[in-house]
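S.K.: A single structure is presented below for examination.
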Amino acid sequence: LQAVSIGWFGETMAGVRMLSAVIGTLTMASGYLFARLLFGQRIALLAGLLLATYHLHIHFSRLALNNVADPFFGTLILSAWVIALRTRRLLAFGMVGLGIGLALYFYHGARLFAPLLALLTLLAALPHWRRWRELRSRATWLPVVFMALGLLVSAGPLMQTFLQRPEEFMARVNIQRWTSENIRLEAERSGRSDFMVVLDQAKRSFLAFNTYPDVSTFYDDTRPLLWGLAGGLFVIGLLLALTRLRQHEYQI
């Protein structure tokens, strides 16, 4: 894809970055579709406006990195999931798996889509747990089969490679994860206890959007990812969703 972008727009910085700009722009459409499926046209227009003016999305839509693909695939996958739940069409379930598989070819964050869909599936099944025998019916396991087939079709070559070289699949996790040795070294360096080091990391994770600046070198290190009006709306949205967790729109 990067080669196609350079071929069309030239061997320039703009040619290298254009792919991200295209994907970031397409996310406007996929984000609108996702929000409209859940909450209707008015909310979808507001969501589209927020995304179009979101500084972080604009920034990553002009870098020659594949990070910007995650929100594009994420909104498409979840849109397919909503359509599948409402229509019970096997093709829609297959598209969910297909989207998860295609997303794996881009940024590492896409690997979170699979456990996210597993959690949403569990939440969808919980209201029917008293009729657990019905969950073993053909109507229940056939959609799962189609999701698995979609995943196999799109991610088959990638999965074959990772079966042969699993360390490649876990490379980013191995770099980023914290082991007991990492915690001990950080405690010695900072003069704090192991518990306080872990507590500080948990706090930074939960408040990563609204309180702490970006710790990477890719963007602004002076302010959080959400600030001002956007930060306030984010908190209000989370609180609103928590009060309506029985509705699958708010679960998502």
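The values are calculated or read from the model by the stated rules, or taken from the named source; none is laboratory data. Not measured: the values here are computed from a predicted model. Cβ sites come from the backbone with ideal geometry, for glycine too, and all protein chains shown count toward neighbours. The accessibility values were calculated without ligands, DNA or RNA, using every heavy atom of the protein model including side chains. Shrake-Rupley method; radii C 1.70, N 1.55, O 1.52, S 1.80 Å.
S.K.: If you keep only loop residues by DSSP, which chymotrypsin sites (Phe, Trp or Tyr not before Pro) in segment 1-82 have at most 16 other Cβ atoms within 10 Å of their Cβ?
M.R.: Loop-located and lightly packed - Tyr54.
S.K.: Just one of (i) -1.08, -1.23; (ii) -0.93, -1.04; (iii) -0.87, -0.93 is log10 I(q)/I(0) by the Debye sum over Cα atoms at q = 0.13, 0.14 Å⁻¹ calculated from these coordinates, so which is it?
M.R.: Step by step, log10 I(q)/I(0) by the Debye sum over Cα atoms at q = 0.13, 0.14 Å⁻¹ for this structure corresponds to label (i).
S.K.: A follow-up question, please. If you take every residue apart from Phe34 with its C-beta less than 15 Å away from the C-beta of Phe34, what net charge results, scoring Lys and Arg +1 and Asp and Glu -1?
M.R.: The answer is +1.
S.K.: Averaged per residue, what accessible surface does segment 132-252 expose to a 1.4 Å probe, in Å²?
M.R.: Ligands and nucleic acids excluded, the figure is 76 Å² per residue.
S.K.: So, one more: So what's the back-of-envelope 222 nm ellipticity for the chain, counting only DSSP H runs of four-plus at -39500 (n - 2.57) apiece and dividing by all residues, rounded to 500?
M.R.: One gets -22500 deg cm²/dmol as the mean residue ellipticity at 222 nm.
S.K.: Now, a different point. When the accessible area of the chain is computed with all protein chains present and a 1.4 Å probe, what percentage of it is carbon and sulfur?
M.R.: 68
S.K.: Suppose a student asked you for the relative contact order of the chain, using Cα pairs under 8 Å spaced at least 6 residues apart; what percent would you report?
M.R.: Relative contact order for the chain comes out at 14 percent.
S.K.: Between Leu112, Leu76, Leu33, where does the largest GNM mean-square fluctuation fall for the chain, given springs only between Cα atoms within less than 10 Å?
M.R.: In the Gaussian network model the winner is Leu112.
S.K.: Follow-up. When the distances between all Cα atoms of segment 1-120 are binned every 5 Å from zero, what whole-number percent does each bin get?
M.R.: So the P(r) values, bin by bin, are 2, 12, 18, 20, 19, 15, 8, 4, 1, 0.
S.K.: Springs between alpha-carbon pairs under 10 angstrom, Gaussian network model over the chain: which of Gly101, Gly48, Gly24 fluctuates most?
M.R.: Taking springs between Cα atoms under 10 Å, the residue moving most is Gly48.
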